[in-house]
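Just so you know, all these numbers are worked out from the coordinates, no wet-lab data involved. The structure presented is a predicted model; accordingly, all values stated were derived computationally and were not measured. When we count neighbours, we look across all protein chains shown, and the Cβ atoms used for this are built from the backbone with ideal geometry, even at glycine.
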Amino acid sequence: MIISPLPIISIKSLRNLTDSFSYIPHSMKTYYLTYILVTGMFLVSINGCMEEPLEADLSNANLLLDTLNLYDIEGVTYQIPPSIGNKSRLSLGDDNDFKYKAILLKTSFISAQSIQWTLASLIDTSIIVDSAFFTLRLAIDSLINPASFSLFSFPNVTDSVFSESKSHYLNFTDSEISTGHYVTSALEEEYEFFVDSVAKSVFRTRFNVEDMLDSTFMDTSLNYTVMLTLDDEDGELHSFYSREYFSSENTTPVLDIYFRQFIYPDSADTSQDTSIDTLHRSFNVISDLSILVPPAITAEDTSFISLSRGKGLRSLISLDFLDSLDLPKQTTFDKAELTFHIVPDTTISSFSIYAIPLQDTVEFIDFAYFDEDNFNVYNYLTVSGTVSNDKVVFNIKRFLQDHYFDNINNLGIKLYSNVKNNIHSTIHLYSSSHDSLYPKLFIQYVAP
């Protein structure tokens, strides 16, 4: 590397520079002159030193740059109940081979307008509820044959009814659905509202829930949960906007309560009451979930390394050969690319996969089913890959480096679907038994 010489600063140029300081007091002038002269001399000396290029001889560094291609990579698939809690749509009905049996929604205890207004505050004797509605916006553009839905509450359940992350079709079955207390039914409908004085038509299902708002639901209840079911199976899929759907419009499922509040100037004489205009408070949904029953597992799901969000398919990858790599102790990994080839599928346009090293020892060799995924992982080592050109590549360099420095154990890698993938999509990866498209780990490293 050659560094360009710095410009030479002459004593004459320094003298001219100091002339501009004639207005500065004598004590400060002496300080500045001294500073400038010393700085100038330093720059001149540096200029002389940098006339020649800097050179370094690395020929005797004794560093080895090499590569490895490793192929003995095994995988096994397992299934857990599908997790679809974080979803922008709520659904009921049939979607190909997927069946949505119920929608669960939990309302906030605190109103959207003020923390001083809660559900419990509305059962005060000074308040009369005139009407109340529970509304869900439909995720459709037109309406031909309105479907009918029923709404249920859970007045006999004093604990949480469901969990967005843990409830599923195996722990919220027909038995749990039957515990719901019928409230009312409603049809899909079209209605208009105005945006900047312009009428806009949207679609909703609106339940009259005034009779549900008793002290059991509003005061003593700890669940504030309602359930929606489809009255007649019509083979169609009916979708609503969930609380996760982002929109400039208010599409969140909501409980609206309209009421009058009475003010008594003399609390001992209620005959002198003064009523105010009807007020309104809304309580947004804070948790929601569709109960989804996935389709049956296929032969391909169990024969390949399989991944699916909707089916709950995940896979574990074994890299046992890493423990026997004979490399120098101070080896540094420059690249570590773990590649899988997918079984061709024209329905897959994009699919994102997470790969994360395991903390637990896992012992099963064939397809297995688990009620939940309890395999602990090293979250800080999570990497992702996206299917492209019928393959997916993961950069696991940091995992290899941490393992080689004995910071973590090599217990394998878990592969699972990104929550943003289409629930209908299932991808199958070739295993080590394939004659040419088997998994491969490419390593490039530097060693002393």
Subject >> Potential extension, Val446-Lys200 segment - 0.36 nm per residue separation minus Cα distance >> reply: 82.1 nm
Original post:
Distance in nm between label sites at Ser88 and Asn171, each 7 Å beyond Cα in the beta-carbon direction?
Top reply: 2.9
Original post:
Suppose R0 equals 30 Å; then what is the FRET efficiency for Leu237 and Phe193 from their Cβ-Cβ distance, rounded to the nearest 0.05?
Top reply: 0.75
Original post:
Efficiency by 1/(1 + (r/R0)^6): what FRET value for Asp373 and Ser178, r their Cβ-Cβ distance, R0 = 22 Å, to the nearest 0.05?
Top reply: 0.20
Original post:
After finding the eigenvalues of the alpha carbon gyration tensor for the range 185-228, what semi-axes result from the square roots of 5 times each, listed largest first in whole Å?
Top reply: 31, 13, 9
Subject >> Added length on full extension, which subtracts the Cα-Cα distance from 0.36 nm per residue, Leu63 to Asp214 >> reply: 46.6 nm
Subject >> For Leu237, distant residues with modelled amide H under 5 Å away >> reply: Asp94
Subject >> Of the chymotrypsin sites (Phe, Trp or Tyr not before Pro) in the range 166-268, those whose Cβ has at most 11 other Cβ within 10 Å and which sit in DSSP loop >> reply: Phe246
Original post:
In the range 163-267, which trypsin sites (Lys or Arg not before Pro) are in a loop and have at most 16 other Cβ atoms within 10 Å, using DSSP for the loop call?
Top reply: Lys166
Subject >> Estimated translational D of the range 89-293 in µm²/s (Stokes, Kirkwood radius over Cα pairs; 25 °C; 0.890 mPa s) >> reply: 134
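Within the range 276-385, which chymotrypsin sites (Phe, Trp or Tyr not before Pro) sit in a loop by DSSP and count at most 16 neighbouring Cβ atoms inside 10 Å?
Counting only loop positions with at most 16 other Cβ atoms within 10 Å, the chymotrypsin sites (Phe, Trp or Tyr not before Pro) in the range 276-385 are Phe364, Phe367, Phe370.
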Original post:
Points 7 angstrom from Cα along the Cβ direction at Ile140 and Thr382: gap in nanometres?
Top reply: 3.6
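Stretched out fully, how many nm does the piece from Glu249 to Asn418 gain, at 0.36 nm a residue minus the Cα gap?
On the way: separation 169, 0.36 × 169 = 60.84 nm, distance 2.74 nm.
Computed gain between Glu249 and Asn418 is 58.1 nm.
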**OP:** Jot down the per residue volume, in cubic angstrom and as a whole number, of the convex hull over the alpha-carbon atoms of the range 155-238.
**Re:** 169
